[in-house]
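Peer 1: Right, I'll just put the structure down here and ask away after.
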Amino acid sequence: PRAAALVSLMRAAGGGRRYRDPSGGARVPSLCSAPPPQPVIAAKEPFPVELQAGKTYGWCACGHSKRQPFCDGSHKKEAPGLSSLRFTPTQTGPALLCGCKRTRNPPYCDGSH
C-alpha cells in the first residue's frame, strides 16, 4: 500500500508525465552546492585610519591583503568570489575600519570582533 500511495502521489504532482534528462544522466556540478567564500580575519581589532572626504578607497573584504585594511588585489588569487568594497567617505577625519571582516556596517567597525 505504501508504494502504491507514493506512485499515485507522484502522478498527481506531475500529472503522470515522465521527465527525460537531456544530459543522458550525466552529473553536472551545481553552482549552488559550494558554500560561499568566507573572509579570513585580518585582525581582531579595528584599523584606525585617517580618511579624506570625496576620495575613493578600496576596503579589503577578504582579509588576505598585505595593506590592511585596504585592498591590494590579493582576493583575485587567495579568495576568488570575494572582492574589495569601494567606498567614498563624506567626511574627512579619523575612522575605525573593520579588521575581522564580520561587520554589519562595512567598511566600518561595528564591534563584531
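The values are calculated or read from the model by the stated rules, or taken from the named source; none is laboratory data. As the structure is a computational prediction, the values presented were derived from the model and not from experiment. Note that we place each Cβ from the backbone using ideal geometry, even for glycine, and neighbour counts take in every protein chain shown. Keep in mind that these areas ignore ligands, DNA and RNA; they rest on the heavy atoms of the full protein, side chains included. Shrake-Rupley method; radii C 1.70, N 1.55, O 1.52, S 1.80 Å.
Peer 1: Can you put His75, His64, His113 in order of accessible area, largest first, using a 1.4 Å probe?
Peer 2: Details: His75 25, His64 50, His113 105 Å².
Result, largest first: His113, His64, His75.
Peer 1: Computing the accessible area with a 1.4 Å probe over protein heavy atoms, can you report the carbon and sulfur percentage for segment 38-112?
Peer 2: On the way: 2210 of 4500 Å².
Answer for segment 38-112: carbon and sulfur cover 49 percent of the accessible area.
Peer 1: Over the Cα atoms, compute the radius of gyration (one decimal) and Dmax (the largest Cα-Cα distance, rounded to a whole number) for segment 38-112, in Å.
Peer 2: Using the Cα atoms of segment 38-112, the pair Rg, Dmax is 11.5, 33 Å.
Peer 1: Follow-up question, since we're still on this one. By how many nm would the segment from Thr56 to Asn105 grow when fully extended, if each residue of separation counts as 0.36 nm and the alpha-carbon distance is taken off?
Peer 2: Stretched out fully, the Thr56 to Asn105 stretch lengthens by 15.9 nm.
Peer 1: Near Gly73, within a Cβ-to-Cβ distance under 15 Å, what is the net charge of the other residues, with Lys and Arg +1 and Asp and Glu -1? Could the numbers behind the result be given before it?
Peer 2: Numbers: positive: Lys66, Arg67, Lys76, Lys77, Arg86; negative: Asp72, Glu78.
Around Gly73, the charge tally is +3.
Peer 1: Moving on to the next point. Give the lysines reachable from Lys76 as a straight Cα distance under 16 Å; neighbours fewer than 8 places away on the same chain don't count.
Peer 2: Straight-distance partners of Lys76: Lys66.
Peer 1: For Lys76, Lys101, give the ranking by accessible area with the largest first, probe 1.4 Å. Don't skip to the end; give the middle numbers.
Peer 2: On the way: Lys76 155, Lys101 20 Å².
The most accessible residue leads, giving Lys76, Lys101.
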